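What follows is one structure encoded as structure tokens, with my remarks underneath.
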Amino acid sequence: MSSTNDAIGDFLSQARDNAPDDLQHYFLSFEDYWERKLWHELTDLLVKFYQEPQGAGIRIPLYENFVKSFGDKINQLKLVQIGLSAAGQWKDDNERLTFLSTLASRVDKPASQDAYVFALTAVASVRLRLGQKDQSRKDLDKCEAILDTFDSVETMVHASFYRVGADYYQQSNSFADYYRTTLLYLACVELEELQERERQRLAYDLSVAALVSDSIYNFGELLLHPILDSLTKTEHAWLRDLLFAFNRGDLGAYQILQNHLNANRLLQQHQGFLYQKISLSALTQLVFSRSPQDRSMTFQTISDETKVAPDEIEHLIMKALSLGLLKGQIDQVAEVARISWVQPKVLGREGIEGMRTRLTEWDSGVSRLGNWVEGVGQDVWAA
């Protein structure tokens, strides 16, 4: 035991001598806390040290020669946090995978399943980079099963799970799952803590996923999320404009912006689908803008107001009905659509103004009805 203690003491002394002047005080405190068995204080100081950019070169040796010796005595979640910082210094993903797999096995105990999930999601992430998608999926499924048993867990554990899950779905071209999982990830982190480039990447990828997904026809959650503002005043600002054009069903704006679609492979491949999608949005926007009593429209009226070709209207309405965007009936002989319900939308400034006008008209209608009832029923009221 004394030889182990001597080896640790020698390691810390040598590491202190080799460290930059600004970091040497850490090693003095490391040794002091370690000798006094102040594990909580030592853990917090280690977490802080592992965030020092200047200490990157010693993260792996410090973990292997020092942290591992008392790893079972400290908070297991923080042990994994330290281990992940060390793992980032491996140049080779295979070596990183071995390191992280060992770390995950170490904390795989009944009392530290949150730490196990935290480590296993990192393992899944490396497997994903190495092309081991099936094994990565198994790791993520195992993590999800464990997380479902918790009433609560540290936010960073959920954030890690959602981030790696989103990466998996993106590689699999599962656009809706990527969209949903990335929004869950963003709910677990503070945007200010993400680098600007990362915010822009997430906003870009989310926008593309929302557009090309065949099951996402309401972008409300993304349009209201501040992550989208990351695209403002960048070369990808057009993508933000395109999302808002889709939300309001603006075919004119789409035709102006569609020249940008060639800048992205997925958008370029889905141009036909994107035209159908914004046409559906134009249809639902038209219905939404009308009062419930004024939602019986001829195909020609729909064509005139949405700018969709007349011969496409019937198929467009049927598509909207099948997707659950609208509810109603079609009279194919009379070429009339009678709509009873439309999927709610996120309202822009113009939409809010339209809603205000409709509410004002409704209020006036109620007042007129009240006056009429009062006028024709005077004898009844008198009685």
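The values are calculated or read from the model by the stated rules, or taken from the named source; none is laboratory data. Everything numeric here is computed off the predicted structure, so don't read it as measured data. Cβ: placed from backbone, ideal geometry, glycine included. Neighbour counts: every protein chain shown. These accessible areas exclude ligands, DNA and RNA; they are computed on the full protein's heavy atoms, side chains included. Shrake-Rupley method; radii C 1.70, N 1.55, O 1.52, S 1.80 Å.
For ASP108, the conditions (1) in a helix (DSSP H, G or I); (2) open to solvent by 10 Å² or more (accessible area, probe 1.4 Å) all hold with the exception of (1). Scanning region 35-45 for residues that are part of a helix (DSSP H, G or I), over 29 Å from VAL153 (Cα atoms) and out of contact with any Gly (no Cβ under 6 Å at 6 or more places or on another chain) turns up at least one hit. Give me the residue from region 242-283 that is free of Cβ contacts under 8 Å to residues at least 24 places away in the same chain and either hydrophobic (A, V, I, L, M, F, W, C) or under 21 Å from LEU326 (Cβ atoms) (or both) and, out of that set, surrounded by the fewest Cβ atoms within 10 Å (Cβ to Cβ). The residue in question is ALA263. Taking every residue in region 192-204 that is among the hydroxyl-bearing types (Ser, Thr, Tyr) and pairing it with any residue that is assigned to a loop (DSSP other than H, G, I, E, B) and open to solvent by 50 Å² or more (accessible area, probe 1.4 Å), at least 6 positions away or on another chain, the pairs with Cβ-Cβ distances below 7 Å are TYR204/HIS236.
Among the criteria (1) farther than 30 Å from LEU147 by Cβ; (2) in contact with a Lys or Arg (Cβ under 6 Å, 6 or more places away or on another chain), the one TRP39 does not fulfil is (1).
Of the numbered criteria (1) open to solvent by less than 30 Å² (accessible area, probe 1.4 Å); (2) under 14 Å from the mean Cα position of the chain (by Cα), the one GLN170 fails is (1). For region 1-31, filtering for residues that are hydrophobic (A, V, I, L, M, F, W, C) and within 40 Å of the chain's Cα centre (by Cα) leaves 4. Among the residues in region 175-197, are any hydrophobic (A, V, I, L, M, F, W, C) and open to solvent by 60 Å² or more (accessible area, probe 1.4 Å)? Within region 175-197 (the criterion being hydrophobic (A, V, I, L, M, F, W, C) and open to solvent by 60 Å² or more (accessible area, probe 1.4 Å)), the answer is yes, since at least one residue qualifies.
Checked against (1) open to solvent by 60 Å² or more (accessible area, probe 1.4 Å); (2) farther than 24 Å from ARG106 by Cβ; (3) touching a residue at least 24 places away in the same chain (Cβ under 8 Å); (4) within 40 Å of the chain's Cα centre (by Cα), ASN65 passes all but a single condition, namely (2). Among the residues of region 94-105, the one identified as closer than 19 Å to ALA56 by Cβ and open to solvent by 60 Å² or more (accessible area, probe 1.4 Å) is GLU95.
The residue list ILE8, ILE58, ILE82 contains one member that is open to solvent by less than 60 Å² (accessible area, probe 1.4 Å), part of a helix (DSSP H, G or I) and in contact with an Asp or Glu (Cβ under 9 Å, 6 or more places away or on another chain), which is ILE8.
Reported count of residues in region 200-241, each being open to solvent by 30 Å² or more (accessible area, probe 1.4 Å), within 18 Å of LEU266 (Cβ to Cβ) and among the polar types (S, T, N, Q), is 2. Does region 85-93 include one or more residues that are assigned to a helix (DSSP H, G or I), without any contact (Cβ under 8 Å) to a residue 60 or more places away in the chain, surrounded by fewer than 17 Cβ atoms within 10 Å (Cβ to Cβ) and not acidic (Asp, Glu)? Within region 85-93 (the criterion being assigned to a helix (DSSP H, G or I), without any contact (Cβ under 8 Å) to a residue 60 or more places away in the chain, surrounded by fewer than 17 Cβ atoms within 10 Å (Cβ to Cβ) and not acidic (Asp, Glu)), the answer is no, since none of the residues qualifies. In region 151-171, how many are modelled with pLDDT of 95 or more, more than 18 Å from ARG201 (Cα to Cα) and not aliphatic (A, V, I, L, M)? Number satisfying all stated conditions: 4.
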